[in-house]
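Peer 1: After the structure tokens below, expect a handful of questions from me.
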Amino acid sequence: MSQAEVMTGMVLKAMPIGDYDKRITILTKERGKITAFARGARRPNSQLLAATNPFSFGEFELFEGKSSYTVTKASISNYFRELTEDLDATYMGFYFLEFADFYCQENNDEREMLKLLYQSFRALASEAYNNELVRVIFELKALTINGEGPTMYNCMHCKSRDNLHTFAIRRGGMFCDKCKDSVQGFQIMDGTKYAMQYIVSSEIGKLFSFTVSDEVLAELVSTIRQFVGHYVHHKFNSEAFL
Ligand SMILES: [Zn+2]
């Protein structure tokens, strides 16, 4: 019998198995993404009933088996209930979970992605944030964590840090006014550029600390939608509901 391990993490997805059990995927601080079996988790009186639902964040006691873990206990510190009470925020939340599930791997250091999920859900649950802004911040930061973020602080051709006004999706970054004619790009507003610079460079704890005008938000959404469309080669099921 192996030793119990306590891991901190968030449930990304849950699948029913048999009559009363579940198989869950947890994004953990210690082991990256893992799959765990939760025996009896669908019985109405089970201590694991709510703890094994998507969004649940806390500590999980796990035993390592041959092909998967078994979860025996959980102590949940945040169920994100306020988020699941609002349908639009719920769909957005499921999209973030699916995105993280697609990008994260077992035995990989996924602490930044876990932090990003947690902070994004707090922002989704907050009245102060527009959900579309939360979405673009999440998407751009997730790609950046994965090493696919755009070059925002210097021209990709001549390295100049001045007169950066053109963004080129296929090249993955900014071009200055002298070099812009050599690429297929489009001009973006300074507000959009500053927001993107902030998202790629800020630490995750400080990400959700700015707002933008409606005009900048519209350009940010359209730019990042194109960027994600070009670099993320995956169709997310939950995206259809957004
Ligand atoms: Zn240049």
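Peer 1: At q = 0.13 Å⁻¹, what log₁₀ I(q)/I(0) does region 26-118 have when each alpha carbon counts as one equal point scatterer in the Debye sum?
Peer 2: Debye output, listed in q order: -0.46.
Peer 1: Find the Rg to Rh ratio for region 126-173, where Rh is the Kirkwood radius over alpha-carbon pairs and Rg uses the same atoms.
Peer 2: Using Cα coordinates only, the ratio equals 1.09.
Peer 1: Apply 1/(1 + (r/R0)^6) to the Cβ-Cβ distance of Asp177 and Thr70, taking R0 = 51 Å, and write down the FRET efficiency to the nearest 0.05.
Peer 2: About 0.30, to the nearest 0.05.
Peer 1: Quote the relative contact order of the chain in percent (integer), defining contacts as alpha-carbon pairs under 8 Å separated by 6+ residues.
Peer 2: 15 percent
Peer 1: Return the subset of Lys29/Lys193; Lys193/Lys235; Lys115/Lys159; Lys180/Lys235 for which the Cα-Cα distance in this structure is over 30 Å, preserving the input order.
Peer 2: The pairs that break the limit, which is 30 Å between Cα atoms, are Lys29/Lys193; Lys115/Lys159; Lys180/Lys235.
Peer 1: Determine, for Thr144, Thr166, the number of other Cβ atoms within 10 Å of each Cβ, and report the residues in order from fewest to most.
Peer 2: The most exposed by this proxy come first: Thr144, Thr166.
Peer 1: Provide the net charge surrounding Ala89, with neighbours chosen by a C-beta distance below 13 Å and charges set as Lys +1, Arg +1, Asp -1, Glu -1.
Peer 2: Within the 13 Å Cβ shell, the charges total -3.
Peer 1: Over region 15-152, calculate the relative contact order: mean separation of alpha carbon pairs under 8 Å at least 6 apart, over the residue count, as a percent.
Peer 2: 21 percent
Peer 1: When the helix-only estimate is applied to the chain (DSSP H runs of n ≥ 4, each -39,500 (n - 2.57), divided by the residue count), what is the mean residue ellipticity at 222 nm, nearest 500 deg cm²/dmol?
Peer 2: -10500 deg cm²/dmol
Peer 1: Still on this structure: Just to be sure I understand the curve: with the Debye formula and one point per C-alpha of region 153-235, what is log10 I(q)/I(0) at q = 0.11 Å⁻¹?
Peer 2: -0.31
Peer 1: Also: Hey, got a sec? Which GluC sites (Glu not before Pro) in region 160-242 land in a DSSP loop and have at most 10 other Cβ atoms within 10 Å?
Peer 2: Glu203
Peer 1: Can you list the lysines whose alpha carbon sits under 16 Å from that of Lys13, skipping same-chain ones fewer than 8 residues off?
Peer 2: Qualifying lysines at Cα under 16 Å: Lys22, Lys33.
Peer 1: While we're on this one: Between Asp162 and Asp109, what is 0.36 nm times their sequence separation minus the Cα-Cα distance? Round to one decimal in nm.
Peer 2: 15.5 nm
Peer 1: Which of the trypsin sites (Lys or Arg not before Pro) across region 68-115 are loop residues per DSSP, with 10 or fewer other Cβ within 10 Å?
Peer 2: none
Peer 1: Related question: How much FRET efficiency would the formula 1/(1 + (r/R0)^6) give for Ile17 and Glu127, where r is the Cβ-Cβ distance and R0 is 25 Å, rounded to 0.05?
Peer 2: 0.10
Peer 1: Compute the whole-percent fraction of alpha carbon pairs in region 4-79 spaced more than 22 Å apart.
Peer 2: Across region 4-79, Cα pairs with separations above 22 Å total 9 percent.
Peer 1: Over the Cα atoms of the chain, compute the convex hull volume and normalise it per residue, giving Å³.
Peer 2: Given the Cα convex hull of the chain, per-residue volume reads 136 Å³.
Peer 1: How much of the DSSP beta bridge set in the chain is antiparallel, as a percent to the nearest 5?
Peer 2: 90 percent
Peer 1: For region 160-242, which trypsin sites (Lys or Arg not before Pro) are in a loop by DSSP, counting at most 14 other Cβ atoms within 10 Å?
Peer 2: Hits after loop and neighbour filter: Arg161, Arg170, Lys178, Lys235.
Peer 1: Which whole-number percent gives the relative contact order of region 4-79, counting Cα pairs below 8 Å spaced six or more residues apart?
Peer 2: With pairs under 8 Å counted, the relative contact order is 31 percent.
Peer 1: Between region 197-242 and region 1-40, what is the C-alpha centre distance in whole Å?
Peer 2: One Cα centre to the other: 29 Å.
Peer 1: Using a Cα-Cα cut-off of under 20 Å, which aspartates and glutamates could be cross-linked to Lys66, ignoring same-chain neighbours fewer than 8 residues away?
Peer 2: The qualifying aspartates and glutamates are Glu5, Asp21, Glu30, Glu106.
Just so you know, all these numbers are worked out from the coordinates, no wet-lab data involved. The model shown is predicted, which means the values in this text are computed figures rather than measured ones. In this analysis, Cβ positions are derived from the backbone assuming ideal geometry, glycine residues included, and neighbour counts consider all displayed protein chains.
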